[in-house]
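These notes are about the structure you will find just below.
The values are calculated or read from the model by the stated rules, or taken from the named source; none is laboratory data. Given the structure is predicted, the values throughout are model-derived calculations rather than measurements. Using ideal geometry, Cβ is built from the backbone for each residue, glycine included, and neighbour counts are taken over all protein chains shown. For accessibility, only protein heavy atoms count, side chains too; no ligands or nucleic acids. Shrake-Rupley method; radii C 1.70, N 1.55, O 1.52, S 1.80 Å.
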Amino acid sequence: MPAINNPIVLAKIQSFLAPTVAVHLHTYAEVGSTNVEAKTFARTSQTNEIQAFIAEQQSAGYGRSGRKFYSPEGTGIYMSLLLPMARIADFNVGLFTTGAAVSVVDALQVSFPKTVFQLKWVNDIYVNRQKCCGILAEHFMAAGRDYVVLGIGINVTTANFPADIARKAGGIQTEGGAVDRNRIVADVLSAFWRMYPTYQNGGHLAKYRDLFMLKDCTVRLTVGNDSVVGTALTVADDGGLVIETTDGTIRTFRSGEVTKVNF
Amino acid sequence: MKKILIANRSEIATRIIRACHELGLTAVAIYAKEDALSDHRFEADEAYQVGAGDQPVAAYLDMDDIIRVAKAHDVDAIHPGYGFLSENAAFARKCADAGITFIGPKPEQLDMFGDKVTAKQVATDAGVSTIPGTKEPVASYQEAAEFGATHGFPIMLKAAMGGGGRGMRVVDKPEDLKEAFERASSEATQAFGSGEIYLEKLLTHPKHVEVQVIADQHGHTMHLFERDCSVQRRNQKMIEFAPAVALPQALRTEICNAAVKLMASVHYVNAATVEFLVEDGKYYFLEVNPRVQVEHTVTELITGIDIVQTQIKIAQGQDLYADIHLPKQNELTYNGAAIQCRVTTEDPANDFMPDTGTIVSSKLPGGNGVRLDVGSVFNGAVVTPYFDSLLAKTCVHAADLPTAARKMTRALNEFKIQGVKTNVPYLRNVMAHPTFQAGEANTHFIGDNPDLFNFKQPAHDPAKLVQYLADVTVNGFSGVPKRAEKYYPETTFTDDFAAIPAGVETAKDVLDRDGVDGVKDWLLHQDKVLLTDTTMRDAHQSLFATRMRTKDMLTVAEATQKALPQLFSYEMWGGATFDVAYRFLNEDPWARLKQLRKAMPRTLFQMLFRGSNAVGYQDYPDNVIQDFIAESAKNGIDVFRIFDSLNWLPQMEKSIEAVKDAGKIAEGTICYTGDILDPSRQKYNLAYYKQLALNLQSAGSDMLAIKDMAGVLKPQAAYELVSTLKDALDIPVHLHTHDTTGNGVATYVAATKAGVDVVDVAANAFSGTTSQPSMGATYYALSGNDRQPDVDIDNVEKINRYWEGVRPYYTDFSNGVTGALTNIYQTQMPGGQYSNLQQQSKSLGLGDSWATVQKTYTAVNDMFGDIIKVTPSSKVVGDMALFMVQNKLTPQDVYDKGDTLDFPKSVIDFFAGDIGQPAGGFPEKLQKIVLKGREPLTVRPGSLAKPADFEATATELAGKLKRTPTHLEVLSYLIYPQVFLDYEKRYTRYGDVSVLDTSSFFQGIREGETVTIETEPGKTLVVKLNTISAPDADNVRTLSFNVNGRLQEITIKDVTIKQAAAATSSKPKADAADVNQIGATLSGSVVKVLVKDGQKVQAGESLIVTEAMKMETTIQAPKAGTVKQVSATVGETIENGDLLVVLS
């Protein structure tokens, strides 16, 4: 019997946040998608301050390439950070998306200290070989300014996934115990706030590599219309995936998706 | 008999074809579809495919089809070779039925020897001993005990109903027999339903010795001596030799005669081999192979008799003596010894797994005493998995076995096969083994000698270097852009410097002769200031991210020593060079040290050493630090400049001791910060530095170094500081500064006037900005001064011209600093940190954030109590500055709100004492706020580290490398485990790439270009790239090379996908000035195309979505318009700036 989770309440999230975490919070009972909310907000308000959008459920949650992200009520966290950018050219996407993954793991570890989290490149978070968290960054312009939206979807206690993903997706906690999602949201925001100023140092890479579950596994990386098969060796200093292909060449990839893994 | 069909393939088919041709007979070959391009098909006079539709091996077993082919082409006889149908009685009968002569024994004889039981009976009947064993199951334990008593232990208990290795039990001693027997019986009953046990004597160290027998149709049977085939792996023969030299001649004769007796007893016809196991002077019949054997070659070599021709002649009905004219048995002699090695595609490093692939290049041995029986070995030959993995039989013949082994080693070394792996390295190791050379190896030899798997990688494998060039040419060098033209200096450097004049004494001469104290004394008595040249270390570390390669240093090493013998020392190691050599340059830093030491024997070598981190970035146990210093000293370092990023003495003491133990020069270092001229900055005043210097002297320093890493030591400050130190200390003073603030030379002039003993300079071409001040400029700045350094300025200029030529190799790694940065006097930011921090502050997106960050940096330094700022302490200050700017915190805010703040990890670790204790201690209030209850360290973190277990680490590393590592490798692994392992992996693939010139190393080779590589003195590799093909459907390119004149093709998968090669058209870029041209903003791939040609769009409408590192970028229309052309397709890989959409 899955745990009953406290509903998402803005005041509760705020209460867990240190005052210096200067993120403006917006909570919703239901939205199409928090990423879309964030983009709409950017266009209408043209804000230059960091915003967070958190929903109890999403009717049209999505991940990479518009794929559906199952976002039922009561069991998950669906949130997006809206980050105004001064110059997108100074943005380091590889370190950012990998840093986001490590931050979310740090946050989750607070509420789930005994759980073993692992990372699939680029930033999928896994528990027991099932994906429990997806992170998607989107970059667009509104009113002449660049924005990055960081969408985070966490299956906290979600179970009963649709048949087509039931094998691959999983919730972090499946039995007993109360879980405070507001606490988790606050931890994620705090962890992100800690990472953001110095993520370009790449200091998170050491932890990323520890959590990296593809090391020495045979993987298929699909890049556009091509795919590459080889052994995943490590993650490079810019977040790229280092693969040794079957003919022995070692290359780093900064685009594409790992579509198959042989452990 | 005119036409002979060879019912076989590969080398034995070729062998038989040759025999036919020498006899004037027509040779007909058969081949399976998979062998359509095999040599044997084209060597024969006629060749026909067999077994169409069959599996590859089955084709050669297709008896009916083979007979059909034979009949259709008027074949008179069939030679079956070995394997396949050679022992198939049914086939022999079919041949007879078809009126075709089967070149071999009668079918009944094939039946007879095909059945192990019958064969054994034949042997026994002929009076030949077999392996003692019970014919019937033993009825009781007593019987078993009697058997054991008669034949000796160990014995094997075999379950009657067992088989295939099951139900067998070895009993070593008589005492064990009772229990073993009872257990074996009951287990057999349970497992197989019957408890019956047979017994057999177990031979524990037998030799495998076999006898070549031939017999004609006229009742003549003779032997052609014996062969020793003991070197086997899992019952597969690997190496054979003749005769069995380790056995006494009498025994050998006895065995041979027994073989003849056996074969004669059944009136055998044609060739056969009788196999025995020999142990302790006794021999036991094993089996008969009624055909020609793979290793017949060695018998042919020692006797001069052609066995295959003899087989054919016997089949023709000829008499051994009357017709074939073989000598009578008692007149038959042999000459010398012969060895055969089966060269296969089995990879000994991978448990002898057979490799497959295409042979890219091949060179086969030859010469005096070498015989080759080759399958299909030629450029382009495809090695398939369908048939056995034999490539070539290499045979040698010499006067005796050891000489033959040496000749075989020579022949094996001449084997150059690329494209598939071979077992040649393993065969070489066996040849070198004294047991083998004495002929003593038994069938357990391979299992008993795991050392045979220790393969020494050849220092320079040309194949690997070419592979490296091909890889870099197609796929580039990580992080380095491809240049249209490779850079090479205009003039080649020639060393025409005269030898050091006699009577000139270098500092190293003094050290070698008088020891460390001698050098100190000598130095203190020098009138002039001396120079240390940092070009090979700090200069390029500062300017080019430490990327200089050993080759560029070695080229000028000998010349430099001759040109500038008056230099005090050469800084050429330590700092970041150790890490960068392995991680980025694929070079061994120890090799750099050894090679330079060899080239510059009379020069003092200096290294920068981080007190508790050696050449790494974390604390290591003391025993690792000590060992590192000992090994560095042993391999050539004379001067160890030891520093700590917080000037904390305890982190330097142990290293100073270790250097003194090694008998080398310990240079204790004070890191200079602040400004002793500024009365408001009194933390690091003159008194502080003086005391620190005295402490360093007491701790045993032989010299005192002043390390001005930020370049903030103003000239007047230098004067005062050096004067004070020269006055207070008994040891020489060595000054190191960076020219970041533009005052380097002025500082050196002042210091020289104050009496400094040595200053650090760099060759002009590598000097200035973040590097050291220029050597030439320093020299000239001291014109007119008594202490002007004693160097030959013309030589300085000459050597500098070399460095001028080297500098452009590394421009891709420039740090971008183009002029003096004087605000560093205020921020005290070390030059290396400046550009990094600037970049990071831009990402905060807060207007003029860089100015704010710099201000905050200074404020943070004050909050921290003003600490020394050099890696890693400088990073802590930088991280805190960014944190405060992003959170909009003032220093007061930090104190007020600090309890609720989550500080950056590096800051927490710093306050926890992880990098040591700062001068004056930590500011307590701030420390409490940051640590939030965590207990800080007050001791040296390294003292808490458990000593490293070198032996355990060596074992661990041996497991990973699959060979025994050297001590230096264990040490490198301790300091940089993952970096070292990654380096090893690349080394295994590419070999020693340090011999490449730097342009080729980073840029590969261009079409039409010839690169000459000197791999060792006098050994050159001439590599020309002819062409690079366009990528095929799998993105694989074929590169055509000439390597030392021989044509060679290498295929490389182009993983840069969409690489703009000269031959293919690249995607056009968007013209940034044209607002209608919309380009990609990041390299990656196209995920969505949302518009089509002709579509009207509004401003801001989404056009294309691209992806990189899982960020999807939506590219929007900058203005309203109509889509004129979409030039992006979903799934396409794109680069930053590629044109995606054109609007009108």
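List of remarks:
- Surface composition of region B:829-944: carbon plus sulfur atoms contribute 53% of the solvent-accessible area (1.4 Å probe, protein chains only, all chains present).
- Bins of 10 Å, starting at 0 and running to the largest distance - Cα pair percent for region A:214-262: 31, 62, 7
- Kyte-Doolittle mean at least 0.5 and Cα axial length at least 20 Å: DSSP H helices in chain A: A:93-111
- Using a probe of 1.4 Å on the protein chains alone, the accessible area found for B:Glu587 is around 10 Å².
- Kirkwood-Stokes translational diffusion coefficient of region B:580-655, alpha-carbon pairs, 10 °C, 1.306 mPa s, µm²/s: 119 µm²/s
- Taking the inverse of the mean reciprocal distance over all distinct Cα pairs, the Kirkwood hydrodynamic radius of region B:514-813 comes to 19.0 Å.
- Set against the 2.2 N^0.38 Å expectation for a compact globular protein, region B:204-331 has a Cα radius of gyration ratio of 1.01.
- Taking amide H as placed 1.01 Å from N in the peptide plane, B:Leu391 has its amide H under 5 Å from the amide H of B:Val343, B:Thr344, B:Thr345, each at least 5 places away in sequence or on another chain.
- The distance from the alpha carbon centre of region B:34-69 to that of region B:831-903 is 79 Å, rounded to a whole number.
- When nucleic acids and ligands are ignored and a 1.4 Å probe is applied, B:Asp125 ends up with an accessible area of around 110 Å².
- Assigned charges on the beta-carbon of Lys, Arg, Asp, Glu; the protein assembly as shown dipole about Cα centre (debye): 2660 debye
- Classification of region A:149-193 by its C-alpha gyration tensor yields an oblate form. The axis ratio a/c (a ≥ b ≥ c) is 1.5 or more, and b/c is at least a/b.
- Take the Cα of B:Asn413, go 7 Å toward its beta carbon, and the backbone nitrogen atoms of region B:426-444 under 17 Å from that spot belong to B:426-434.
- Estimated inter-spin distance, B:Glu1101 and A:Glu49, nm [label 7 Å along Cα→Cβ]: 3.5 nm
- Computed FRET value (nearest 0.05) for B:Leu1090 with A:Arg64, which takes r as the C-beta separation and R₀ as 22 Å: 0.85
- Sparsely packed loop sites in region B:44-147 (the trypsin sites (Lys or Arg not before Pro) outside DSSP H, G, I, E and B with at most 16 other Cβ atoms within 10 Å) comprise B:Lys135.
- B versus A: buried accessible surface, summed, Å² (probe 1.4 Å, to nearest 100): 4300 Å²
- Against chain B, whose longest principal axis is taken from its Cα atoms, helix B:507-524 shows a tilt of about 10°.
- Size of charge dipole - chain A - debye, nearest 20, with Cβ of Lys, Arg +1 and Asp, Glu -1, no other charges: 220 debye
- When all protein chains stay in place and ligands, DNA and RNA are ignored, the 1.4 Å accessible-area order of B:Arg602, A:Arg254, A:Arg181, B:Arg371, largest first, is A:Arg254, B:Arg602, B:Arg371, A:Arg181.
- The listed residues B:His734, B:His325 rank as B:His325, B:His734 when sorted by accessible area, largest first, using a 1.4 Å probe.
- Once the mean of 1/r is taken over each pair of separate Cα atoms and inverted, region B:696-768 shows a Kirkwood hydrodynamic radius of 12.4 Å.
- Take each residue of peptide A:227-237, count the partner chain Cβ atoms within 10 Å of its Cβ, and average: the result is 1.
- Simple label model, 7 Å out from Cα along Cβ direction - B:Thr204 to B:Ala1120, nm: 9.9 nm
- Too-long pairs where the Cα-Cα distance tops 28 Å, listed order kept, from B:Lys1067/B:Lys1119; B:Lys562/B:Lys664; B:Lys158/B:Lys393; B:Lys598/B:Lys960: B:Lys158/B:Lys393; B:Lys598/B:Lys960
- Using θ = phi - 60° in the Karplus curve 6.51 cos²θ - 1.76 cosθ + 1.60, the 3J(HN,Hα) couplings for region B:628-633 round to 4, 5, 4, 5, 4, 5 Hz; x is entered for Gly and Pro.
- Summing +1 for each Lys or Arg and -1 for each Asp or Glu among the other residues whose beta-carbon sits under 14 angstrom from that of A:Asn48 gives +2.
- Charged side chains reduced to their Cβ positions (Lys and Arg at +1, Asp and Glu at -1) give region A:214-262 a dipole of some 120 debye around its Cα centre.
- Added length on full extension, which subtracts the Cα-Cα distance from 0.36 nm per residue, B:Thr333 to B:Asn257: 25.9 nm
- Threshold 30 Å², region A:64-95 residues less accessible with all protein chains present than alone (1.4 Å probe): A:Arg64, A:Ser65, A:Ala86, A:Asp90, A:Val93
- Chain B - Debye-derived log10 I(q)/I(0), Cα point model, q = 0.05, 0.09 Å⁻¹: -0.54, -1.11
- 0 to 90° range, to nearest 10: angle between helix B:141-151 axis and chain B longest Cα axis: 90 degrees
- Between the residues B:Gly768, B:Leu391, B:Leu224, the greatest Cα displacement towards the positive end of the dipole of chain B, with unit charges on the Cβ of Lys, Arg, Asp and Glu, is found for B:Gly768.
- Selected from B:Val817, B:Ile637, B:Ser841, residue furthest toward positive end of dipole (the protein assembly as shown; charges at beta carbon): B:Ser841
- Residue by residue along A:197-205, Cβ atoms of other protein chains within 10 Å of the local Cβ number 6 on average.
- Ordered by 1.4 Å accessible area with all protein chains kept, A:Thr40, B:Thr546 run largest first as A:Thr40, B:Thr546.
- Chain B, helix-only ellipticity at 222 nm - DSSP H runs n ≥ 4, -39,500 (n - 2.57), divided by all residues, nearest 500: -11000 deg cm²/dmol
- Surface calculation, 1.4 Å probe, protein heavy atoms: B:Met168 sits at approximately 90 Å² accessible.
- Restricting the calculation to alpha carbons of the protein assembly as shown gives Rg and Dmax of 39.5, 119 angstrom.
- Between B:Met353 and B:Ser194, the simple spin-label model (points 7 angstrom out along Cα→Cβ) gives 4.1 nm.
- Each residue of region B:567-582 was assigned a 3J(HN,Hα) from its phi angle through the Karplus curve 6.51 cos²θ - 1.76 cosθ + 1.60 (θ = phi - 60°); the sequence is 4, 5, 8, 10, 7, 9, 8, x, x, 8, 5, 4, 5, 5, 4, 5 Hz, with glycine and proline shown as x.
- Signed unit charges on C-beta, dipole axis of chain B, positive-most listed residue B:Gly369, B:Pro290, B:Thr900: B:Thr900
- Rounded Å value of the spacing that divides the Cα centres of region A:196-263 and region B:1086-1144: 27 Å
- Rounded to the nearest 10 degrees, the angle from helix B:849-863 to the longest Cα principal axis of chain B is 80 degrees.
- Charge context of B:Arg428, other residues only, Cβ under 11 angstrom, K/R +1, D/E -1: +2
- If the segment from B:Lys173 to B:Glu287 were pulled out straight at 0.36 nm per residue, it would be longer than the present Cα-Cα gap by 38.2 nm.
- Applying both filters, DSSP loop and at most 14 other Cβ atoms within 10 Å, to the chymotrypsin sites (Phe, Trp or Tyr not before Pro) of region B:597-626 gives B:Tyr617.
- Accessible surface calculations at 1.4 Å, restricted to protein heavy atoms, place chain B at 40 Å² per residue.
- In order along region A:242-249, the Karplus-derived 3J(HN,Hα) couplings, from 6.51 cos²θ - 1.76 cosθ + 1.60 at θ = phi - 60°, round to 9, 10, 9, 6, 4, 8, x, 6 Hz, and Gly and Pro are given as x.
- Of interest is the spacing of the C-alpha centroids, which for region B:920-988 and region B:147-196 amounts to 54 Å.
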